[in-house]
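Every number here is computed from the coordinates shown, using simple stated rules; none is lab data. Since the model is a prediction, treat every value here as computed from it, not as a measurement. Glycine also receives a Cβ, built like all others from the backbone with ideal geometry; neighbour counts cover every protein chain displayed.
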Amino acid sequence: MPKQVHEVPGAPRPIGPYSVATEANGFVFLSGQVALDPESNEPVHGDVEEQTHQVMRNIGRVLDDLGLGYDDIVKTTIYLDDIGDFPSVNGVYEVYLSESRPARSTVEVAALPGGFLVEIEVIAAR
């Protein structure tokens, strides 16, 4: 199957030259999601838990638009502005992915674009 770039009307719009989701060989790769409101494309301000909920809802919207769900996620990567936020992010993450338990990496980064506290990217399988 050749690479297919997906337009996802219900997701926050990309803020650069990338796609929200790209599919190849039965895998769907979602670009990192931050706490943007999908309607206004404006940042959702709040603590790391609030931002993580918004990120996970954005991921859910993208997956749903592509006929997938949280259970189809096979790998996630979480980028944190502060690794000290790991327990809070993990608590929210578990609400959405407690049953499917995809493979995961979590890393602290020097900074995230727009001053966001958390960014999550996922790979899903059809």
query: For the chain, modelled as a Gaussian network with Cα springs under 10 Å, which listed residue fluctuates most, I73, I15, I83?
result: I15
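For the chain, with only Lys/Arg (+1) and Asp/Glu (-1) charged at the beta-carbon, what is the dipole magnitude about the Cα centre, in debye rounded to 20? Intermediate values should be presented prior to the final figure.
Numbers: 8 positive and 20 negative charges, 113 e Å.
Rounded to the nearest 20 debye, it is 540 debye.
Find how much the distance from T22 to R57 grows on full extension, using 0.36 nm per residue of separation minus their present alpha carbon separation; answer in nm with one decimal.
On the way: separation 35, 0.36 × 35 = 12.60 nm, distance 1.87 nm.
Answer, rounded to one decimal: 10.7 nm.
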query: Rg (Å, one decimal) plus Dmax (Å, integer) for the alpha carbons of segment 4-125?
result: 13.3, 37
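Sort S40, S31 so the one with the fewest other Cβ atoms within 10 Å of its own Cβ comes first. Each step should come with its number before you reach the end.
Working: S40 9, S31 17.
Exposure proxy ranking, most exposed first: S40, S31.
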